[in-house]
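Trainee: One structure follows; several queries about it will come next.
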Amino acid sequence: MDIVEILKQDYQRFPANQTYSIYAQDVYFKDPLNEFRGVAKYKATIKFIETWFIAPKMDLHDIRREGDTIKTEWTLSWNTPVPWKPRIAIPGWSELRVNQQDIITSHVDYWKCSRLDVIKQHLFPTKNR
């Protein structure tokens, strides 16, 4: 199966049953909160989301491949396990680099909001999410 198709399926069922075999063992990962190497740490990050967040969801808006780069646009959302259970939404995009075997060697996430904006969503929840 084509790597883009695998990624589409992974986004649909996120965070459950991700296809970790498409990532290099020493994959480089970076987002506004984390930076590390290794598929084991990436699995642990996804497991944290699956375990601690309520109803996590990854909406894929666009995915396209340009040579050795796959670009995705998405919105990650969840309810935070605090008494008022606010629905948090982070719009963003990812840039994935693949090698000649179509294995992901780098996964860098970018947010279209600041970390402060995410904190504000917890403190001032809206009904629109």
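The values are calculated or read from the model by the stated rules, or taken from the named source; none is laboratory data. Keep in mind it's a predicted model, so treat the numbers as computed, not measured. Cβ placement follows ideal geometry from the backbone for every residue including glycine, while neighbour counts extend to all protein chains displayed. Please note that ligands, DNA and RNA were not included when accessible areas were found on the heavy atoms of the full protein model with its side chains. Shrake-Rupley method; radii C 1.70, N 1.55, O 1.52, S 1.80 Å.
Trainee: Looking for something free of Cβ contacts under 8 Å to residues at least 40 places away in the same chain, within 14 Å of THR105 (Cα to Cα) and open to solvent by less than 50 Å² (accessible area, probe 1.4 Å) - is there at least one such residue anywhere in the range 2-18?
Mentor: Scanning the range 2-18, I find no residue that is free of Cβ contacts under 8 Å to residues at least 40 places away in the same chain, within 14 Å of THR105 (Cα to Cα) and open to solvent by less than 50 Å² (accessible area, probe 1.4 Å), so the answer is no.
Trainee: Report, by residue number, each residue of the range 106-129 that is closer than 30 Å to ARG65 by Cα and crowded, with 16+ Cβ neighbours inside 10 Å.
Mentor: SER106, HIS107, ASP109, TRP111, VAL118
Trainee: Shifting gears a bit: Counting only residues that are open to solvent by 50 Å² or more (accessible area, probe 1.4 Å) and within 15 Å of the chain's Cα centre (by Cα), which one in the range 83-96 is nearest to PHE36 (Cα to Cα)?
Mentor: GLU95
Trainee: Across the range 43-68, what is the number of residues that are open to solvent by less than 80 Å² (accessible area, probe 1.4 Å), in contact (Cβ under 8 Å) with a residue 12 or more places away in the chain and not acidic (Asp, Glu)?
Mentor: Final tally of qualifying residues: 10.
Trainee: Please count how many residues of the range 51-89 are closer than 20 Å to GLN18 by Cα and of a type outside the set (S, T, N, Q). If you could, list the steps in order and put the result at the bottom.
Mentor: Residues of the range 51-89 closer than 20 Å to GLN18 by Cα: 51-65, 69-78.
After this cut, where a residue has to be of a type outside the set (S, T, N, Q) as well, the list is 52-65, 70-71, 73-74, 76, 78.
Residues in the range 51-89 being closer than 20 Å to GLN18 by Cα and of a type outside the set (S, T, N, Q): 20 in total.
Trainee: Okay, next question. Residues of the range 1-59 being in a loop (DSSP other than H, G, I, E, B), within 13 Å of LEU96 (Cβ to Cβ) and in contact with a strand residue (DSSP E or B) (Cβ under 9 Å, 6 or more places away or on another chain), which ones?
Mentor: Listed by number, the list holds a single entry, ASP31.
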